[in-house]
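The structure appears below as structure tokens.
The values are calculated or read from the model by the stated rules, or taken from the named source; none is laboratory data. This is a predicted model, so every value here is computed, not measured. Cβ: placed from backbone, ideal geometry, glycine included. Neighbour counts: every protein chain shown. Each accessible area value is taken on the protein alone, full model and side chains, heavy atoms only, with ligands, DNA and RNA left out. Shrake-Rupley method; radii C 1.70, N 1.55, O 1.52, S 1.80 Å.
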Amino acid sequence: MSQFDAIVIGGGVNGLVAGTLLSRRGKNVCIIEKSNRFGGMASYSVDGGPSLAHSLYNLSPRVLSDIGIDPQHPVLSGKPVSTVSLSEDGRHIVFKNEGIFWSEGTKHPESDAWTDLTQQLITYGGLLRQLAEAPPPGGQKAILSRGGLNEFLRLAKLGFGLKKLGKSEMRRFLQVVLSNVHDIVLDDLPEGPVAGMLAADAIWGSATGPRSPGTVFNLIYRLGHGGHITQPVGGMSALTDLLVEAAQKAGCVLMPETEVFRILLDDDAVSGVVTTDGRTLTAPTVLSNLAPKLTSRMTGPSVFDIETMRRVRNIRARGTAAKVNLRLKDGSLLPGLPDELARERLIYAPSVEHVEAAFNPAKYRQMSKAPVIEALKMQTADGASWLSTIVQYAPTDLEGGWTDTAKDQLAQIAVSTLNLALPGLKDHVTNTQIITPDQIENATGAPGGHWHHAEMSLDQLLTLRPANGMCRYSMGPKGLFQCGAATHPGGDVMGLAGRNAALAAMEATP
Amino acid sequence: MTVENRYDVIVAGAGHNGLTAAAYLARAGMRVLVIEKNDWVGGAAVSRSLHDGWTYSNCSYVCSLLRREIARDLELPKYGLQVIPYEGGASFTRDRDYFAYYSDHNALKREMARHSAKDADAYRGYSQGIMRQCRFIRPFLLRDAPDPASLHPRDLGELAYLVKKAHGLGSRELGETLKFWTMSIGDFLDEHFENDLIKAHLAGSGIIGTGLGVYSPGTAYVLLHHYMGDIDGGIGAWGFARGGMGAISNAIAASFKDHGGTIHTGSGIEKILSKDGRVEGVALEDGKVFYAPVVASNMDIKRTVLHHIDAAELPDDFTKAVRNFKIRGSSAKLNIALDRFPNFPAAPENTSFLRGDLHVSQSLFELEKAYDDWKVGRWSEKPYIDMLIPSQIDPTMAPTGAHMMTVFVQYAPYDLEVDGVRSAENWDEKQRNAMAETVLDQMSVACPDIRERVVHMEVRSPLEIEREVGLTEGNIFQGELTFDQLFFNRPVPGWSQYSLPIKGLYLCGSSAHPGGGVMGAPGANAARAILKHETRHGRMKGYAA
Ligand SMILES: Cc1cc2nc3c(=O)[nH]c(=O)nc-3n(C[C@H](O)[C@H](O)[C@H](O)COP(=O)(O)OP(=O)(O)OC[C@H]3O[C@@H](n4cnc5c(N)ncnc54)[C@H](O)[C@@H]3O)c2cc1C
Ligand SMILES: Cc1cc2nc3c(=O)[nH]c(=O)nc-3n(C[C@H](O)[C@H](O)[C@H](O)COP(=O)(O)OP(=O)(O)OC[C@H]3O[C@@H](n4cnc5c(N)ncnc54)[C@H](O)[C@@H]3O)c2cc1C
């Protein structure tokens, strides 16, 4: 007899969701997390500073309801955050539901064009969400086989959704989704900070620039849940605490500070895991929150055929986003920004070309000298005030490595870049924290410190995610599943990968 | 209206695709007139003599994509077409070494092993993978792209064919195919090889003619686009048309005329005439007017729709989609008359590989940087060059003892940046010469004496290519080959089957599926569509039917 029905390796957002869902369906589940804190990348922080992930835009209501979290929970009822595209001339641009405005309040001339484009992308996002809430089409099941009927019906539903769009919209969808954000945005908008903001939202965490085909998909993915942004009340760790609470309530056994070292196999099936402190835990089902490369390392490569191992090795995951947290003097305002905008989401991306130019050095293992930045002002639990920033591009494989000098350089670049649009900001910064992709990898295991564990490019999406032949969450030996961001539909604080994986595991062992 | 100026079909432009469409239609018994603005035919498949004794393939320079079904249907060999395959090629290094590409498998393996034993082993898997993709795609070239939004039996039929073909691959193979179609050539090569020079050598075909870099997703498909042709059954093989690429167009033109067709050169079309949503004919720049119920445009979609049709005749959303069609100039060309064969100090004596395509790019990074230069409106500091000396194989191209060299240059922007201003008008003589110097420097890596060998040189910027051939922005494929503009998206969603929103108006050039290159497929497919919709019996005869 096994100790558990299922073991989840890794207590990131997706691991927690997968474990909780299985528990709620009557399984006896254990979630094993190597660090002393659950939440993985989302809530990873250094010395009580702001966490890696700092905003919610893709948290899935379907997931919340499946794991029994009230969508109205106080942690989730933070005030919606608007986006502000920063401008060096001090005329910042504010994006709201009802249109876009200059910071002084008048309507921006590109408002209508922006609204039309965004609404269209949000509609497409809704379609992709249907796909995201189920395993991707195809996979091991032959398209026209017997088991393919359900599959067919599901696709037909998507087809129906497409049909509802009408012929010409459906055609446009099939074109836009394959396109690059540079073209789609500049077809409808002039070059500048409005277009730049959209380009920025298409490249977060990825090793692509706006001209790279496929980037529109990323933008649509980001808008998949309507495009609303909030900050969890109490910070990202409050959200992950909520997930932990849900797991406990569902009856999961949580094991922090326990690192899995090996996945045990019995013939062609998994039988449990061994931890680095020598404990053996048994279960006929194991879900791994880690990327395929790490998971296959834990089983040993011999259980996979050569072709599968080749594919796993070739999954691209070059992290490009770094976190730079700027500690502000107590009571600091942000210079150059009206008070009421100080708590919004600030983007520095003055043009599409700026974003593309920022990407150039990353291709050659250099950091951007003029990066793209997302910044959110926040307070940590100790009352300290911070500007939490995501700085791109900072490639994980920086030439010469992420030495202290390189990190200092990155911090300086981030501050002086923001200082262009917020003149005087420099003088408000008392301290900086720099979290580079290599450090994210060390701390959480995310390959290359990649935002989504694996690049979200068209050749690694849907049926091809994380790699051809393993899109149905199962992997290699019987009973082994993947449930992390590397699987369909992908990362973000969303939870769908974990949920879908749990459902796939349920289906395999009802 | 007199009989002399009335036809069944008018083809606007005598590029090889226009001629192909015309030839099929003439063979089907229609009275066809082709109108060409230049004094010669061929468009970008043309041979011209600009310096006594030498013949240049001024634009396109090598042949592989031309569908053999078309060559057979139109009896092109009978009309003088002869394609001679060439073998091999090389990439030279800056320190006087080279990587040679041989078509002989064992020779290639030995040469690869000289650079990397691992890569020599990997090559087989790599080339088999590409071959599989080629075999999958080839049957689609002479078929219509189905409209996924349509329930018309024709579209369902084509979709069913696609599903059947895809299903035949098996799900695993289908996944590999999807992946291949969407990834970058750089990533694809990185998956297989380790050696920079080998990767750079193989990557070139992935970026030729595009506004993409080797690491842009979709470039693996572009590579495929260059490998899906054949010569005498050798898939992926390339060759020279004897007498230059114009020989192809000339043979098609001869076949056309032999079946009663007429070609009118020397005056371009000013306007495609239409009334009440129905095409009526064309008005030429020289004032002549010709009438026909069907007009097939060989011009690219942008030129056709935005310059030669009354906007009021077209739905706004269609015009908008055409305006947003991406057709970016990214290539330049040098055609050089050489007094004798240049010296390639790195190459062994009497080697065969100098008869093939020669390059000097050192790594994928160097190629990617060449793309970065283009993005900001400059020609590449170290461009990718594809140079060949066809006169080694085809002696008709140059006087005895002398040679002709064709040098394709990637990247050169259309809207060149000078002093902070980006404009095509910046391409003056000075800038053109400056670009030529950059290219000659780059060529010197392979043949340091190149400058001393030059007797005459034609330097073509994207602007010249646009002015002469009409290719908007000088884009060699009449539109980018990116997924959003391929298959059912080409040229614009909803209009992938050759007809356009005015009754009787068709597109028969490379802006249509399956795209650019000297292939003839868009022309043949358009002829099939015209016969189906505009004639009673409605069927095209021949292999391409
Ligand atoms: C700089 C940056 C900023 C981001 N900002 C946002 C944002 O603002 N909003 C947003 O929605 N998303 C954001 N993301 C993305 C988001 O954080 C991730 O996509 C998401 O958290 C991934 O969750 P996961 O559960 O799949 O994986 P992870 O969070 O990586 O979880 C994996 C877990 O496994 C554990 N583990 C690893 N190895 C072992 C082992 N051997 N044994 C046991 N446990 C192990 C790890 O400690 C970790 O907890 C950001 C990402 C980055 C890099
Ligand atoms: C520099 C260069 C190198 C290339 N190299 C190769 C290669 O090596 N191999 C290969 O396979 N492909 C190559 N290509 C691509 C290939 O040549 C083209 O894609 C192909 O020739 C296009 O053929 P087409 O018939 O569709 O159009 P085009 O050749 O563009 O024909 C259009 C015709 O319309 C005419 N026209 C334009 N406007 C008017 C008007 N108003 N009235 C009347 N006529 C008009 C033009 O003069 C032209 O003859 C190259 C292209 C270029 C530019």
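Name every residue in region A:349-366 that is open to solvent by 10 Å² or more (accessible area, probe 1.4 Å) and either in a loop (DSSP other than H, G, I, E, B) or under 14 Å from A:THR83 (Cβ atoms) (or both), in order of residue number.
Kept after step one, since they are open to solvent by 10 Å² or more (accessible area, probe 1.4 Å), are these residues of region A:349-366: A:350-351, A:353-354, A:357, A:359-361, A:363-366.
Once the filter is applied, which keeps residues that are open to solvent by 10 Å² or more (accessible area, probe 1.4 Å) and either in a loop (DSSP other than H, G, I, E, B) or under 14 Å from A:THR83 (Cβ atoms) (or both), region A:349-366 yields A:PRO350, A:SER351, A:TYR364, A:ARG365, A:GLN366.
Taking the criterion of being under 19 Å from the mean Cα position of the chain (by Cα), open to solvent by less than 30 Å² (accessible area, probe 1.4 Å) and more than 8 Å from every other protein chain (Cβ to nearest Cβ), would at least one residue in region B:175-186 satisfy it?
yes
Condition first: at pLDDT 95 or above, within 14 Å of another protein chain (Cβ to nearest Cβ) and either within 15 Å of ligand 1 (Cβ to nearest atom) or within 22 Å of A:GLY49 (Cα to Cα) (or both). Can you find one or more residues in region A:398-415 that meet it?
Step one: list which residues in region A:398-415 are at pLDDT 95 or above, which gives A:398-415.
Pick out the ones that are also within 14 Å of another protein chain (Cβ to nearest Cβ) and you get A:399.
Adding the requirement that they be either within 15 Å of ligand 1 (Cβ to nearest atom) or within 22 Å of A:GLY49 (Cα to Cα) (or both) leaves none.
No, every residue in region A:398-415 fails to be at pLDDT 95 or above, within 14 Å of another protein chain (Cβ to nearest Cβ) and either within 15 Å of ligand 1 (Cβ to nearest atom) or within 22 Å of A:GLY49 (Cα to Cα) (or both).
Does B:CYS134 qualify as being within 16 Å of ligand 2 (Cβ to nearest atom), under 24 Å from the mean Cα position of the chain (by Cα) and surrounded by fewer than 23 Cβ atoms within 10 Å (Cβ to Cβ)? Working first, answer last.
On the way: within 16 Å of ligand 2 (Cβ to nearest atom): yes; under 24 Å from the mean Cα position of the chain (by Cα): yes; surrounded by fewer than 23 Cβ atoms within 10 Å (Cβ to Cβ): yes.
Judged against the criteria, B:CYS134 is a match.
Residue by residue, here is whether (1) modelled with pLDDT of 95 or more; (2) among the small types (Gly, Ala, Ser); (3) in contact with a strand residue (DSSP E or B) (Cβ under 9 Å, 6 or more places away or on another chain) holds:
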| site | (1), (2), (3) |
| --- | --- |
| A:THR295 | yes, no, yes |
| A:SER302 | no, yes, no |
| A:GLU307 | no, no, no |
| A:GLY336 | no, yes, no |
| A:GLU340 | no, no, no |
| A:ALA357 | yes, yes, no |
| A:ASN360 | yes, no, no |
| A:GLN366 | yes, no, no |
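Here's the yes/no breakdown for (1) among the aliphatic types (A, V, I, L, M); (2) within 16 Å of ligand 1 (Cβ to nearest atom); (3) in contact (Cβ under 8 Å) with a residue 60 or more places away in the chain; (4) over 13 Å from B:ASN298 (Cβ atoms):
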site	(1), (2), (3), (4)
B:ASN17	no, no, yes, no
B:ALA28	yes, no, yes, yes
B:GLY42	no, no, yes, no
B:SER47	no, no, yes, yes
B:ASP73	no, no, yes, yes
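Taking region A:202-225 as the region of interest, how many residues are open to solvent by 10 Å² or more (accessible area, probe 1.4 Å) and touching a strand residue (DSSP E or B) at 6+ places or on another chain (Cβ under 8 Å)?
1
Of all residues in region A:141-161, count the ones that are part of a helix (DSSP H, G or I) and either at the interface with another protein chain (Cβ under 8 Å from one of its Cβ atoms) or modelled with pLDDT of 90 or more (or both). Before the answer, list the steps.
If we filter region A:141-161 for residues that are part of a helix (DSSP H, G or I), which is where we start, we get A:148-161.
Now drop any that are not either at the interface with another protein chain (Cβ under 8 Å from one of its Cβ atoms) or modelled with pLDDT of 90 or more (or both), which leaves none.
Qualifying residue count for the region: 0.
Just give me the residues in region A:433-476 being acidic (Asp, Glu) and open to solvent by 10 Å² or more (accessible area, probe 1.4 Å), in sequence order. Working first, answer last.
So the first thing to find is which residues in region A:433-476 are acidic (Asp, Glu), and the list is A:438, A:441, A:455, A:459.
Passing the criteria: A:ASP438, A:GLU441.
Which condition number does B:ALA283 fail, the rest of (1) touching a residue at least 40 places away in the same chain (Cβ under 8 Å); (2) over 29 Å from B:ARG355 (Cβ atoms); (3) in a strand (DSSP E or B) being met?
So B:ALA283 meets the others, but not (1).
For region A:173-196, which residues satisfy the criterion of being at pLDDT 95 or above, outside any loop (DSSP other than H, G, I, E, B) and open to solvent by 20 Å² or more (accessible area, probe 1.4 Å)?
Those that are at pLDDT 95 or above, outside any loop (DSSP other than H, G, I, E, B) and open to solvent by 20 Å² or more (accessible area, probe 1.4 Å): A:LEU186, A:ASP187, A:ASP188, A:PRO193.
Residue under question is B:ARG528, and the condition is that it be within 19 Å of the chain's Cα centre (by Cα), of a type in the set (Lys, Arg) and away from ligand 1 (no atom under 16 Å from the Cβ); does it hold?
Details: within 19 Å of the chain's Cα centre (by Cα): no; of a type in the set (Lys, Arg): yes; away from ligand 1 (no atom under 16 Å from the Cβ): yes.
Considered against the rule, which asks whether it is within 19 Å of the chain's Cα centre (by Cα), of a type in the set (Lys, Arg) and away from ligand 1 (no atom under 16 Å from the Cβ), B:ARG528 comes out as no.
Taking strands (runs of 3 or more DSSP E) that do not extend beyond region B:418-527, which have at least 1 residues that are more than 14 Å from every other protein chain (Cβ to nearest Cβ) and within 16 Å of ligand 2 (Cβ to nearest atom)?
Working: elements: B:421-423, B:454-460, B:505-507.
Per the criteria, B:454-460, B:505-507.
Name the residue that is farthest from the chain's Cα centre (by Cα), counting only residues in region A:398-432 that are in a strand (DSSP E or B) and surrounded by 19 or more Cβ atoms within 10 Å (Cβ to Cβ). Step through it out loud before you land on a result.
Taking region A:398-432 and keeping what is in a strand (DSSP E or B), we get A:429-432.
After this cut, where a residue has to be surrounded by 19 or more Cβ atoms within 10 Å (Cβ to Cβ) as well, the list is A:429, A:432.
On the way: A:VAL429: 28, A:THR432: 24 Å.
Restricting to residues being in a strand (DSSP E or B) and surrounded by 19 or more Cβ atoms within 10 Å (Cβ to Cβ), the top hit is A:VAL429.
Out of all the residues in region B:211-236, which are out of contact with any Ser or Thr (no Cβ under 6 Å at 6 or more places or on another chain), within 14 Å of chain A (Cβ to nearest Cβ) and not in a helix (DSSP H, G or I)?
B:GLY213, B:VAL214
Please go through region B:261-274 and give me each residue that is open to solvent by 10 Å² or more (accessible area, probe 1.4 Å) and either modelled with pLDDT under 95 or β-branched (Val, Ile, Thr) (or both), ordered by number.
Across region B:261-274, the qualifying residues are B:THR262, B:ILE263, B:THR265, B:ILE269.
Would it be correct to say that A:ASN500 is crowded, with 24+ Cβ neighbours inside 10 Å and in a helix (DSSP H, G or I)? Show your work before the answer.
Details: crowded, with 24+ Cβ neighbours inside 10 Å: yes; in a helix (DSSP H, G or I): yes.
Considered against the rule, which asks whether it is crowded, with 24+ Cβ neighbours inside 10 Å and in a helix (DSSP H, G or I), A:ASN500 comes out as yes.
In region A:212-224, which residue that is touching a residue at least 40 places away in the same chain (Cβ under 8 Å), in a helix (DSSP H, G or I) and more than 15 Å from ligand 1 (Cβ to nearest atom) is nearest to the other protein chains (Cβ to nearest Cβ)?
Result: A:VAL216.
Have a look at B:PHE290, B:PHE325, B:PHE344 and point out the one that is of a type in the set (A, V, I, L, M, F, W, C), more than 16 Å from ligand 1 (Cβ to nearest atom), under 23 Å from B:ASP484 (Cβ atoms) and in contact (Cβ under 8 Å) with a residue 40 or more places away in the chain. So that I can check it myself, show each step before the final result.
Details: B:PHE290 fails: under 23 Å from B:ASP484 (Cβ atoms); B:PHE344 fails: under 23 Å from B:ASP484 (Cβ atoms).
Going through B:PHE290, B:PHE325, B:PHE344 in turn, just one is of a type in the set (A, V, I, L, M, F, W, C), more than 16 Å from ligand 1 (Cβ to nearest atom), under 23 Å from B:ASP484 (Cβ atoms) and in contact (Cβ under 8 Å) with a residue 40 or more places away in the chain: B:PHE325.
Would you mind stating whether A:GLY166 is farther than 22 Å from A:ARG62 by Cβ, surrounded by fewer than 18 Cβ atoms within 10 Å (Cβ to Cβ), more than 9 Å from chain B (Cβ to nearest Cβ) and modelled with pLDDT under 85? Spell out the reasoning first.
On the way: farther than 22 Å from A:ARG62 by Cβ: yes; surrounded by fewer than 18 Cβ atoms within 10 Å (Cβ to Cβ): yes; more than 9 Å from chain B (Cβ to nearest Cβ): no; modelled with pLDDT under 85: yes.
No; evaluated as a whole, the condition is false for this residue.
Only residues that are open to solvent by 40 Å² or more (accessible area, probe 1.4 Å) and among the aliphatic types (A, V, I, L, M): list them for region A:226-255, please.
Across region A:226-255, the qualifying residues are A:VAL233, A:VAL253.
Return yes when A:ALA113 is within 14 Å of chain B (Cβ to nearest Cβ) and either without any contact (Cβ under 8 Å) to a residue 12 or more places away in the chain or of a type in the set (A, V, I, L, M, F, W, C) (or both) and no when it is not. Give the derivation first.
On the way: within 14 Å of chain B (Cβ to nearest Cβ): yes; either without any contact (Cβ under 8 Å) to a residue 12 or more places away in the chain or of a type in the set (A, V, I, L, M, F, W, C) (or both): yes.
For A:ALA113, the condition - within 14 Å of chain B (Cβ to nearest Cβ) and either without any contact (Cβ under 8 Å) to a residue 12 or more places away in the chain or of a type in the set (A, V, I, L, M, F, W, C) (or both) - is met.
Consider only pairs whose beta carbons are under 7 Å apart and that are at least six residues apart or on different chains; among these, list those whose first residue lies in region A:356-373 and is within 12 Å of chain B (Cβ to nearest Cβ) and closer than 16 Å to A:GLY448 by Cα and whose second residue is of a type in the set (Val, Ile, Thr) and part of a loop (DSSP other than H, G, I, E, B).
Qualifying pairs under 7 Å: A:ALA362/A:THR320.
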